[in-house]
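Student: The structure's right below; bear with me while I get my questions together.
The values are calculated or read from the model by the stated rules, or taken from the named source; none is laboratory data. Since we're looking at a predicted model, the values are computed, not measured. Every residue, glycine as well, gets a Cβ built from its backbone with ideal geometry; the counts of neighbours run over all protein chains shown. Note: accessible area is taken over every heavy atom of the protein model, side chains too, but ligands, DNA and RNA are not part of it. Shrake-Rupley method; radii C 1.70, N 1.55, O 1.52, S 1.80 Å.
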Amino acid sequence: MTNRKTLKLAAVIDGPGWNFSSWRHPDMPADAGENIDFFVQQAQLAEQAKFETLFLYDVSHVGPGNIPYYLSMFEGGTLMSALAMKTERIGLSMTASSSYTDPYNLARQVLSLDKLSKGRASLNAITSNPGGMVNFSRGHLGKADQYPMHEEFLEVLLDLWDTYEDDAFPRDKESGVFLNPRKMHPVNFQGKYFSVDGPLNLSRSVQGRPVLYMAGSSPTFVDLATSYTDGVFMAGSTFEETVLLANALTAKLLEKGRQPDHFVRAISQNPIVGRTDAEAHQKYREILALGPYSHTPVPLFMGSAERVATEIQRWYEAGAIDLFMVRQDHPHGLRDFIELVVPILQERGLFHREYEAETLRGNLDLPKPAFRTI
Ligand SMILES: Cc1cc2nc3c(=O)[nH]c(=O)nc-3n(C[C@H](O)[C@H](O)[C@H](O)COP(=O)(O)O)c2cc1C
C-alpha cells in the first residue's frame, strides 16, 4: 500500500484491568477505577510516548457479576474532561451507547469535550448487548430495534455536530453581530425513535467534528459503520478473522465511494511484554496466581518485545489494523509496552516519534470533513 499512514497507538486506561483479579496485584491501586491520580498518571505516560489517543470502554448495564472495574468506574465523558486539563496533545476517546440516551445529550457532551480539549475528542458509539440488568427506564432493545435506532441516532448526532458552519459566529463586538443566522442549520428530525427540533448550542469543532467509531462485527455493523463513522473497533480475536473483517470494511468503503485510508480499523489487546519470552510468561503467571476467577485468556500479543513488535507489524502490514489499542491486565502493561515495544516500532519506521497535528483527527491522518458530509 503506498502512502499508508503509520501505525497508530491508543492506551485503553481501564482502571484495574479487564478481568476479575488484577486489582489484587501488589502494584495495582485496588481502587484504580475511581482513582483520578491513577488515570492522570496513565494518560501522561501514554502522551509522553506520543500515543495518538486514550480510549475508554463503557458498560451499558451494570450488575453484581461484573468484573471489579465495571462495578467501580468513572463515567467516561466526565473522566475524559478531567484528563483534557492534564494533557495537551493526546486524543480523548469515550464510549457511550445509543440505546439509552438521546443523541442531543451525547452530541453536546462530546462536542463540549472536544472544545475543552481543543479538538481532541472522539466517541465510540456502541449499540450495547441485550441481557443483564435493566439500569435504564427505556429497557433493553430487541435485536430488531438495535441498529435502526442506532442509525437514527448517528444521523441526528452528525447533523447536530454540524449545526453551524465554521464561520457562523463572527462575535464581532463592534458591529454587534454574534451569530450569522444564515450559517446556522437547525436540525429538524422526526424518526421512529428520536425527534429533534432545533440547533445544538456549540459551534463547529476545529477538527470538523469529533472522531466517531462504532464497535462490532456483523454485516449490519459493517454497513452502518462505513456509512457514518471514521473508524471501527473490532474484536480482534484472531488474525484471520480480523483480516477478513478489515477487508470487508475496505470493500464497503470503496463501494460507497469513500477513501479506505481515511478510515481507522482498531483492535484492543492486552500485550504482556518482557525483555525475554520467559519474563513475559512470568508476568502472565503473576496475574493468574492472583485468584481462582482470573479468567485472563492467554494474550495474543505476549513474549519478548521483539516478538510482540513483530506480531503487531504483521497485523498492520496485512491491513488488519491501523490502530493498536493497548489494554493492561498487568499493572505495568502500558509502561512495559512503552519502554520495550514502542522504540522497536519507531526504529522500524512503523510508529511516529512526535505529534504532527494539533487535533486528534489530524494525528490519525483523517481529513477534516467538509460541512455536513461523511
Ligand atoms: C470490540 C468491541 C467493543 C465493544 N465495546 C463495548 C463497550 O465498551 N460497551 C458495550 O456496552 N458494548 C460494547 N460492544 C458491543 C457492541 O456495541 C455491539 O452491541 C455488539 O458488538 C453487537 O454488534 P454486532 O452487530 O457486531 O453483533 C463492543 C463490541 C465489540 C466487538
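Student: Using beta carbons and a limit of 7 Å, which pairs, at least six apart or on different chains, have the first residue in region 268-297 and farther than 24 Å from Leu7 by Cβ and the second one open to solvent by less than 30 Å² (accessible area, probe 1.4 Å) and part of a helix (DSSP H, G or I)?
Tutor: Ile287/Ser22; Leu290/Ser22; Ser294/Ile287; Thr296/Ile287
Student: If you don't mind, another one. Where the second residue is away from the ligand (no atom under 12 Å from the Cβ) and not in a loop (DSSP other than H, G, I, E, B) and the first is aliphatic (A, V, I, L, M) and lies in region 56-67, which pairs have Cβ atoms under 8 Å and are six or more apart or on separate chains?
Tutor: From residues that are aliphatic (A, V, I, L, M), the pairs are Leu56/Leu79; Leu56/Met80; Val62/Leu71.
Student: Out of Gly291, Gly274, I need the residue that is at pLDDT 95 or above, touching a Ser or Thr at 6+ places or on another chain (Cβ under 7 Å), more than 24 Å from Pro369 (Cα to Cα) and of a type outside the set (Ser, Thr, Tyr). Which one?
Tutor: Step by step, each of Gly291, Gly274 is checked, and only Gly274 is at pLDDT 95 or above, touching a Ser or Thr at 6+ places or on another chain (Cβ under 7 Å), more than 24 Å from Pro369 (Cα to Cα) and of a type outside the set (Ser, Thr, Tyr).
Student: I'd like to verify a number: residues in region 244-289 that are among the aliphatic types (A, V, I, L, M), open to solvent by less than 30 Å² (accessible area, probe 1.4 Å) and not in a strand (DSSP E or B), how many?
Tutor: Within region 244-289, residues that are among the aliphatic types (A, V, I, L, M), open to solvent by less than 30 Å² (accessible area, probe 1.4 Å) and not in a strand (DSSP E or B) number 6.
Student: Something else: Mind checking which residues of region 128-145 are within 14 Å of Ala96 (Cα to Cα) and surrounded by 19 or more Cβ atoms within 10 Å (Cβ to Cβ)?
Tutor: Matches in region 128-145: Ser128 only.
Matching residues to (1) free of Cβ contacts under 8 Å to residues at least 60 places away in the same chain; (2) more than 9 Å from the ligand (Cβ to nearest atom):
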position	(1), (2)
Gln190	yes, yes
Gly198	yes, yes
Gly208	no, yes
Ala215	no, no
Asp223	yes, yes
Ser227	no, yes
Gly231	no, yes
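Student: Could I ask something else about it? State which residue is nearest to Thr296 (Cα to Cα) when the search covers only region 7-49 and only residues that are part of a helix (DSSP H, G or I) and in contact with a strand residue (DSSP E or B) (Cβ under 7 Å, 6 or more places away or on another chain).
Tutor: Of everything passing the filter in region 7-49, Gln42 is nearest to Thr296 (Cα to Cα).
Student: Restricting to region 168-202, name every residue that is surrounded by fewer than 16 Cβ atoms within 10 Å (Cβ to Cβ), on the phi < 0 side of the Ramachandran plot and of a type in the set (D, E, K, R).
Tutor: If the condition is that a residue be surrounded by fewer than 16 Cβ atoms within 10 Å (Cβ to Cβ), on the phi < 0 side of the Ramachandran plot and of a type in the set (D, E, K, R), then Asp172, Lys173, Glu174, Arg182, Lys192, Asp197 are the ones that fit.
Student: Counting only residues that are open to solvent by less than 20 Å² (accessible area, probe 1.4 Å) and in a loop (DSSP other than H, G, I, E, B), how many does region 321-354 have?
Tutor: The total comes to 9.
Student: May I pose another question? Somewhere in region 151-167, is a residue aliphatic (A, V, I, L, M) and assigned to a loop (DSSP other than H, G, I, E, B)?
Tutor: Within region 151-167 (the criterion being aliphatic (A, V, I, L, M) and assigned to a loop (DSSP other than H, G, I, E, B)), the answer is no, since none of the residues qualifies.
Student: Here is a list of conditions, (1) touching a residue at least 40 places away in the same chain (Cβ under 8 Å); (2) part of a helix (DSSP H, G or I); (3) within 16 Å of the ligand (Cβ to nearest atom); (4) aliphatic (A, V, I, L, M), and Val134 meets all of them except one; can you say which number that is?
Tutor: Of the numbered conditions (1) touching a residue at least 40 places away in the same chain (Cβ under 8 Å); (2) part of a helix (DSSP H, G or I); (3) within 16 Å of the ligand (Cβ to nearest atom); (4) aliphatic (A, V, I, L, M), the odd one out for Val134 is (2).
Student: For the condition over 19 Å from the mean Cα position of the chain (by Cα), open to solvent by less than 20 Å² (accessible area, probe 1.4 Å) and over 23 Å from Gly231 (Cα atoms), what is the one hit in Gly63, Gly33?
Tutor: After ruling out the rest, the residue left standing is Gly63.
Student: Taking the condition of being free of Cβ contacts under 8 Å to residues at least 40 places away in the same chain and either under 19 Å from Ser122 (Cβ atoms) or in contact with a Pro (Cβ under 8 Å, 6 or more places away or on another chain) (or both), how many residues in region 164-188 meet it?
Tutor: Matching residues across region 164-188 total 7.
Student: Could you say whether any residue in region 99-120 is in a loop (DSSP other than H, G, I, E, B), within 12 Å of the ligand (Cβ to nearest atom) and touching a residue at least 40 places away in the same chain (Cβ under 8 Å)?
Tutor: Yes; the residues of region 99-120 include at least one that is in a loop (DSSP other than H, G, I, E, B), within 12 Å of the ligand (Cβ to nearest atom) and touching a residue at least 40 places away in the same chain (Cβ under 8 Å).
Student: Go through (1) under 18 Å from the mean Cα position of the chain (by Cα); (2) closer than 23 Å to Asn129 by Cα; (3) not in a helix (DSSP H, G or I) for Tyr69 and report which single condition fails.
Tutor: (3)
Student: Collect the residues in region 4-27 that are over 25 Å from Glu311 (Cβ atoms) and buried (at least 22 other Cβ atoms within 10 Å of the Cβ), keeping them in residue-number order.
Tutor: Those that are over 25 Å from Glu311 (Cβ atoms) and buried (at least 22 other Cβ atoms within 10 Å of the Cβ): Gly15, Pro16, Ser21, Trp23.
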